[in-house]
Amino acid sequence: MGRPIRILLADDHPALRESLARVLEREESLEVVGEASDGRMAVDLARELRPDVIVMDVQMPVLDGIEATRRIALAQPGTRVIGYTLNPSGNLAEAMRRAGAASCLGKNEPVAALIRVIRASRPGEV
């Protein structure tokens, strides 16, 4: 299966980041390489860590997930961003996709759905 999919989690709620990291780390071929508590930190860590996938909360302090996604998509087009929000309906999901996100999921969806999307985002082997 090759190297693990490297994941950066960006969410301003520490408990959510920590619990999501624990679940993802138990999955074969997934590796959480960093956590960001705001959009600015997500942009900086994306540049530093070069993750394959970023799970990005839409509404965060300092820099929201939409603008952070836009900046990451421009600077690192090979990094897949998955929007992750309480309300993925309509405008927020569409704004994330326009900013460069591959998809946008609701936090109320089963974690298995997020894992499927992460696995489907696997970049081609180099």
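The values are calculated or read from the model by the stated rules, or taken from the named source; none is laboratory data. Remember, predicted model here, so these are calculated numbers, not experimental data. Every residue, glycine as well, gets a Cβ built from its backbone with ideal geometry; the counts of neighbours run over all protein chains shown.
Please count how many residues of the stretch 100-115 are within 17 Å of residue 72 (Cα to Cα) and either without any contact (Cβ under 8 Å) to a residue 24 or more places away in the chain or charged (D, E, K, R) (or both). Spell out how you get there, then give the answer.
Step one: filter the stretch 100-115 for residues within 17 Å of residue 72 (Cα to Cα), giving 100-104.
Checking which are either without any contact (Cβ under 8 Å) to a residue 24 or more places away in the chain or charged (D, E, K, R) (or both) leaves us with 102-103.
Adding up the residues that qualify gives 2.
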Exclusive hit being buried (at least 19 other Cβ atoms within 10 Å of the Cβ), over 17 Å from residue 105 (Cβ atoms), modelled with pLDDT of 95 or more and in contact with a Leu (Cβ under 8 Å, 6 or more places away or on another chain), set 49, 45: 45
Of the residues in the stretch 3-52, those that are touching an Asp or Glu at 6+ places or on another chain (Cβ under 7 Å), closer than 14 Å to residue 68 by Cβ and part of a loop (DSSP other than H, G, I, E, B) number 4
Here the qualifying pairs (Cβ atoms under 6 Å; residues six or more apart or on different chains; first in the stretch 23-37 and at negative phi; second surrounded by fewer than 17 Cβ atoms within 10 Å (Cβ to Cβ) and part of a strand (DSSP E or B)) come out as none
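Counting only residues that are in contact (Cβ under 8 Å) with a residue 40 or more places away in the chain and not in a helix (DSSP H, G or I), which one in the stretch 69-99 is nearest to residue 120 (Cα to Cα)?
Our first condition is that a residue be in contact (Cβ under 8 Å) with a residue 40 or more places away in the chain; within the stretch 69-99, this holds for 78, 80, 84, 96.
Checking the rest, the ones that are also not in a helix (DSSP H, G or I) come to 78, 80, 84.
Numbers: 78: 14, 80: 10, 84: 16 Å.
Step by step, filter the stretch 69-99, then rank; the result is 80.
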